[in-house]
Amino acid sequence: MKVYNTLTRKKEEFNPLEDGKVKMYVCGPTVYDNIHIGNTRPMIVFDLFRRYLEYKGYEVTFVQNYTDIDDKIIERANSLGITTKELTAKCIQEVEGDMKALGIEDATYKPKATEQIDNMLSMIDSLIEKGHAYEKDGTVFFDTSSFKEYGKLSKKNIEDLEAGARISVDESKRSPMDFVLWKPKKEGEPFWVSKYSEGRPGWHLECSVMAKAYLGESIDIHCGGTDLVFPHHENEIAQSECANGKQFAKYWMHNGLINVDNKKMSKSKGNFFTLDDIVKEFSHEEVRFFIISAHYRSPINFSKESMLASRNALNRIKNGYSTLDFYIKNNEHKAGSADLSEIDNYKRKFIESMDDDFNTADAISVIFEIIKTTNVLVKENGRLELANGYLELLKELTTLMGINVIENELKDAEILELIELRNKARKEKDYQKADEIRERLKSKNILIEDTRDGVKYKRM
Ligand SMILES: [Zn+2]
């Protein structure tokens with residue numbers, strides 16, 4: 001299995017630190033508002049990566065934090081007239097509801113920054129002790145010049161960075177590249193007591209501390225969006241490696257960003273979409289499918305057209321599965337045994353795609369190849385053994401990808417039940433009720449057709 005490592009800019013063979021076990025950390029959301037489409041990408045892709053590692057037999061410990069103290073949180077809580085704690089509790093509850101709806105499994109640990117203040121202060125103490133940090137008027141800064149490897153993840157050269165940096169507004173910093181580990185409170189802000197000042201931690205510090213608390217000093221995979229490579233992840237490396245004296249993460253994986261209508265998403269451009277906006281028109285599953293249809297490192301473009309294309313593609317998979325399932329249960333099949341090796345070939349192809357730096361785009365095209373094959377199999381009255389084998393494989397692969405074909409089965413039963421009710425209403429000349437049922441099905445994108453052979457339906 002190969003993964004692309006941002007640290008080396010190469011696809012590398014994946015070998016975890018400990019055989020059979022994987023320790024993963026993903027930077028979670030800052031909880032002050034509803035999540036937007038951009039937030040969903042790292043959540044969905046790294047959840048899927050975790051599922052795939054588990055599918056391959058690894059025991060995965062997966063940590064995703066919540067940043068629950070930050071300027072934006074304080075600002076929003078003030079504007080709503082509630083405490084930051086009230087705001088973040090409400091936002092976390094909403095995010096967890098969204099994640100569940102998107103088919104994302106619960107992380108092994110979901111620490112909150114504010115619950116780790118003591119550990120953060122210990123890391124600050126140890127960085128000062130080792131000469132990697134300094135205090136000035138209640139603020140503690142990380143001394144970037146003390147870490148020779150600073151810039152190794154983002155491939156930035158510290159001298160260039162310093163030359164390019166504007167003259168620091170903050171005169172107390174030794175270098176414009178130094179960053180805050182602890183800062184004193186401003187009037188009215190929440191704070192924690194420390195020997196440096198009454199204040200709060202810098203954002204970068206929390207991930208170093210939470211990764212260490214739940215996964216240890218060295219982890220296998222650290223992931224997040226490409227927008228976090230610099231400075232956030234660069235600073236995490238500096239803190240962790242200076243405090244612990246060990247390599248922090250062996251593999252750094254970053255997902256590409258989402259553009260909206262081919263432009264960078266921003267509130268001011270008016271092309272900003274929260275997940276809540278999107279699910280008024282599309283299902284969570286369609287959002288998930290849209291995200292995983294692309295390779296995780298490629299930028300993707302969100303638009304109504306691309307979402308409609310995802311809907312169609314997803315329906316093709318679901319319909320293919322239902323057709324095959326219906327064929328198995330309701331038709332005559334060719335007798336005799338079948339050569340099942342072609343099923344293994346598809347499975348191998350799927351795994352090869354996922355093993356190649358987690359290429360979900362290629363893996364999904366293998367699912368489409370299977371659907372194409374099974375559609376032909378049904379048309380040609382193929383052998384039952386073969387049909388069953390494909391059905392099992394489709395179930396396995398779609399479950400792994402978080403596509404709910406099984407739910408579709410239930411829905412079909414519901415449709416048949418509604419059609420039965422409609423038939424009964426028509427028999428009793430209750431045409432109003434019959435029409436209501438037809439409309440109800442239509443609202444769920446099911447089109448029914450009265451034919452000589454009875455009522456038929458199809459998905460739109
Ligand atoms: Zn982080």
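The values are calculated or read from the model by the stated rules, or taken from the named source; none is laboratory data. Only a predicted model underlies this, so the values are computations on that prediction, with no experimental measurement involved. Note: ideal-geometry Cβ built from the backbone for every residue, glycine included; neighbour counts use all protein chains shown. Side chains are part of the model used for accessible areas, which takes the heavy atoms of the whole protein and leaves out ligands, DNA and RNA. Shrake-Rupley method; radii C 1.70, N 1.55, O 1.52, S 1.80 Å.
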Check your understanding: Looking at (1) touching a strand residue (DSSP E or B) at 6+ places or on another chain (Cβ under 8 Å); (2) away from the ligand (no atom under 16 Å from the Cβ); (3) among the polar types (S, T, N, Q), can you tell me which one S268 breaks?
Key -> (1)
Exercise for review: Residues being away from the ligand (no atom under 13 Å from the Cβ), touching a residue at least 40 places away in the same chain (Cβ under 8 Å) and farther than 12 Å from T139 by Cα: count how many of those fall in the stretch 189-213.
Suggested key: 4
Revision key, fill the gap. Considering residues that are under 15 Å from R297 (Cβ atoms) and of a type in the set (D, E, K, R), the number found within the stretch 39-53 is 1
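Could you list, in sequence order, the residues of the stretch 96-108 that are on the phi < 0 side of the Ramachandran plot and more than 16 Å from the ligand (Cβ to nearest atom)?
Matches in the stretch 96-108: E96, G97, D98, M99, K100, A101, L102, I104, E105, D106, T108.
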Revision key, fill the gap. Output for Cβ contacts, cut-off 9 Å, separation at least six or different chains, first residue closer than 16 Å to E105 by Cα and within 14 Å of the ligand (Cβ to nearest atom) in the stretch 23-36, second open to solvent by 10 Å² or more (accessible area, probe 1.4 Å) and among the basic types (K, R), reads M24/R50; V26/R50; G28/K110
Exercise for review: Please tell me if K329 is open to solvent by 50 Å² or more (accessible area, probe 1.4 Å), in a loop (DSSP other than H, G, I, E, B) and without any contact (Cβ under 8 Å) to a residue 60 or more places away in the chain.
Suggested key: no
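Conditions (1) on the phi < 0 side of the Ramachandran plot; (2) within 17 Å of the chain's Cα centre (by Cα); (3) surrounded by fewer than 18 Cβ atoms within 10 Å (Cβ to Cβ); (4) among the hydrophobic types (A, V, I, L, M, F, W, C), marked per residue:
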| residue | (1), (2), (3), (4) |
| --- | --- |
| R9 | no, no, yes, no |
| F49 | yes, yes, no, yes |
| G57 | no, no, yes, no |
| K72 | yes, no, yes, no |
| L87 | yes, no, no, yes |
**Study point:** Selection count where residues are touching a His at 6+ places or on another chain (Cβ under 6 Å) and within 22 Å of S337 (Cα to Cα), scope the stretch 348-382
**Key:** 0
Revision key, fill the gap. In the set F350, F358, the lone residue that is touching a residue at least 40 places away in the same chain (Cβ under 8 Å), closer than 18 Å to L48 by Cα, assigned to a loop (DSSP other than H, G, I, E, B) and within 26 Å of the chain's Cα centre (by Cα) is F358
Review point. Within the stretch 330-352, can one find any residue that is modelled with pLDDT under 95, of a type outside the set (G, A, S) and closer than 25 Å to N312 by Cα?
Key: no
**Study point:** Condition met for K246 (more than 29 Å from T139 (Cβ to Cβ), basic (K, R), more than 11 Å from the ligand (Cβ to nearest atom) and modelled with pLDDT of 95 or more)
**Key:** no
**Study point:** All positions within the stretch 206-232 that are open to solvent by 10 Å² or more (accessible area, probe 1.4 Å), of a type outside the set (A, V, I, L, M, F, W, C) and under 15 Å from K23 (Cβ atoms)
**Key:** K212, Y214, G216, E217, S218
Practice item. Would you mind finding the one in L181, L127 that is within 15 Å of the ligand (Cβ to nearest atom), open to solvent by less than 20 Å² (accessible area, probe 1.4 Å) and more than 26 Å from V3 (Cβ to Cβ)? Key: L181
